Amino acid sequence: MVISKGDVEPASEDEEELIGLLVSMPHMIAERVRDPHVVVVHRGHNPRTIDIVKRAECLVEVDYFADRHGFILAYPDGYGLYIVDVDEPLPDRCRVHAWRPNIEGISEVFHARIVDYGYPPHCHDTWTVLIVDTGAISYDLDKRRCGAFGQTVAILPPGVTHNGRPAPGAAGFTKRVLYLDESFLPRSLIGAAVDQTTIDDPRLRGALAAFHRELPLRVDPLSAETSLALIADRLTNHLTARPPSPTRPEADVARQLRTLLDESTTTSITLTEAASQFGRSKAHLIRSFKASYGLTPYAYLIGRRVEIARNLLLDGIPASEAAVLSGFYDQPHLTRHFKRHLSVPPSEFAAKVPKP
């Protein structure tokens, strides 16, 4: 972190005005700095400014840079680069939104924007699956330096110590995290997850991003199970040295599952129940059904419910009643899927029905 005098713009003459402002450590030194908000501090020229830096150590998480930070303060002729934050206090720069959805297998959903903060070493009882939307994360997993960024997916196994901070060169990051029950993946994959914690798979990342977009809404259990089963299946393939060949789709099992869905269209049915009944894995049921009918069990069920609601609307049943009678939670739930299937909401569709 010590840089030569020629690499940066000299300190401004009005350094006195900086006294009392919050100064935080940057994550990298940029050459040829020409940013008016950046000031170069020389220990010998302005000891009071160094005092500000020392106070900032109490306000900013600087564990990762502690050794180099101390070196700057002690180096007699060194120049240190510090970013002056005058826009907002540091505590307000981090944003967190966490909740526990009513979905089996999900312990917590965690969305966060992190700036100038580092998580101390810790571990979870759950599988942690995260994607990064902006910036980049650097973390140590079982004493190994790792990172998450871009189209990658990071998976952290239960019981393994890790930390986390903005990666060098990144001012911060935004992330979306699923904390999934220990049964989400076999315990035998924990070692593989430590060795291959960062997975470069845009398709898997896309599936996780789509799932996160649905989570703030009221998600049907069958939809959530379908998404989680496919995510688990893809992660397993990445973490297995020789991924097992998928079992061939079974048309007969697909027919049985379709019959079960038809019998349960307006009631609740889960993949867990179907998998137990047919003695197959959730992923195998989805693959078999899609091979036979061209869509997932959940998509088929929604289509059947929309069809029932459509007929009820044609019979003059109000949309709010039609929603519940056809198996949806409420009218907004029906509207979301009805519009996707028929291009217009139920109210507009029903309005076009001629009155007797």
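The values are calculated or read from the model by the stated rules, or taken from the named source; none is laboratory data. Nothing here was measured: the structure is a model prediction, and the numbers come from that model. Backbone-built Cβ (ideal geometry, glycine too); neighbour counts: all protein chains shown.
Given the condition surrounded by fewer than 16 Cβ atoms within 10 Å (Cβ to Cβ) and in a helix (DSSP H, G or I), answer yes or no: does some residue in the range 161-170 qualify?
no
Identify, please: which residue in the range 315-338 is part of a helix (DSSP H, G or I) and out of contact with any helix residue (DSSP H, G or I) (no Cβ under 8 Å at 6 or more places or on another chain) and is, among those, farthest from Leu217 (Cα to Cα)?
The extreme case among them is Val324.
Name the residue, out of Leu295, Leu271, that is crowded, with 21+ Cβ neighbours inside 10 Å and not charged (D, E, K, R). Explain how you work it out, then say what you get.
Numbers: Leu295 fails: crowded, with 21+ Cβ neighbours inside 10 Å.
The unique qualifying residue is Leu271.
If a residue has to be in a helix (DSSP H, G or I) and either out of contact with any Ser or Thr (no Cβ under 6 Å at 6 or more places or on another chain) or free of Cβ contacts under 8 Å to residues at least 24 places away in the same chain (or both) to count, how many in the range 253-289 make the cut? Can you show your working first?
Step one: of the range 253-289, the residues in a helix (DSSP H, G or I) are 253-263, 271-278, 282-289.
Next cut, either out of contact with any Ser or Thr (no Cβ under 6 Å at 6 or more places or on another chain) or free of Cβ contacts under 8 Å to residues at least 24 places away in the same chain (or both) only: 255-263, 271-278, 282-283, 285, 287-289.
Counting residues in the range 253-289 that are in a helix (DSSP H, G or I) and either out of contact with any Ser or Thr (no Cβ under 6 Å at 6 or more places or on another chain) or free of Cβ contacts under 8 Å to residues at least 24 places away in the same chain (or both) gives 23.
Determine, yes or no, whether Thr226 is surrounded by fewer than 21 Cβ atoms within 10 Å (Cβ to Cβ) and in contact (Cβ under 8 Å) with a residue 12 or more places away in the chain.
no
Could you list, in sequence order, the residues of the range 90-115 that are assigned to a strand (DSSP E or B), small (Gly, Ala, Ser) and in contact (Cβ under 8 Å) with a residue 60 or more places away in the chain?
Passing the criteria: Ser107, Ala112.
So Tyr179 ticks every box in (1) among the hydroxyl-bearing types (Ser, Thr, Tyr); (2) touching a strand residue (DSSP E or B) at 6+ places or on another chain (Cβ under 6 Å); (3) over 24 Å from Gly150 (Cα atoms) but one. Which box is left unticked?
Of everything listed in (1) among the hydroxyl-bearing types (Ser, Thr, Tyr); (2) touching a strand residue (DSSP E or B) at 6+ places or on another chain (Cβ under 6 Å); (3) over 24 Å from Gly150 (Cα atoms), Tyr179 misses just condition (3).
Can you find, within the range 274-292, the residue that is nearest to Asp220 (Cα to Cα) among those that are crowded, with 17+ Cβ neighbours inside 10 Å and more than 32 Å from the chain's Cα centre (by Cα)?
Out of the qualifying residues, it is Phe278.
Cβ-Cβ below 9 Å, separation at least six or inter-chain, first residue in the range 210-223 and at pLDDT below 80, second of a type in the set (Ser, Thr, Tyr): which pairs?
From the range 210-223, the pairs are Arg218/Tyr329; Val219/Ser227.
Suppose the filter is in contact with a Gly (Cβ under 8 Å, 6 or more places away or on another chain) and farther than 30 Å from Pro332 by Cβ; does Phe173 pass it?
Yes; evaluated as a whole, the condition is true for this residue.
In the range 116-135, what count of residues is obtained for those that are in a strand (DSSP E or B), of a type outside the set (Phe, Trp, Tyr) and surrounded by 19 or more Cβ atoms within 10 Å (Cβ to Cβ)?
Counting residues in the range 116-135 that are in a strand (DSSP E or B), of a type outside the set (Phe, Trp, Tyr) and surrounded by 19 or more Cβ atoms within 10 Å (Cβ to Cβ) gives 6.
Kindly indicate whether Leu228 is more than 14 Å from Ala154 (Cβ to Cβ), in a helix (DSSP H, G or I) and in contact with a strand residue (DSSP E or B) (Cβ under 8 Å, 6 or more places away or on another chain). Write out each step before concluding.
Values: more than 14 Å from Ala154 (Cβ to Cβ): yes; in a helix (DSSP H, G or I): yes; in contact with a strand residue (DSSP E or B) (Cβ under 8 Å, 6 or more places away or on another chain): yes.
In short, yes.
Checking Leu178 against (1) under 18 Å from the mean Cα position of the chain (by Cα); (2) at pLDDT below 90, only one condition comes out false. Which one?
(2)
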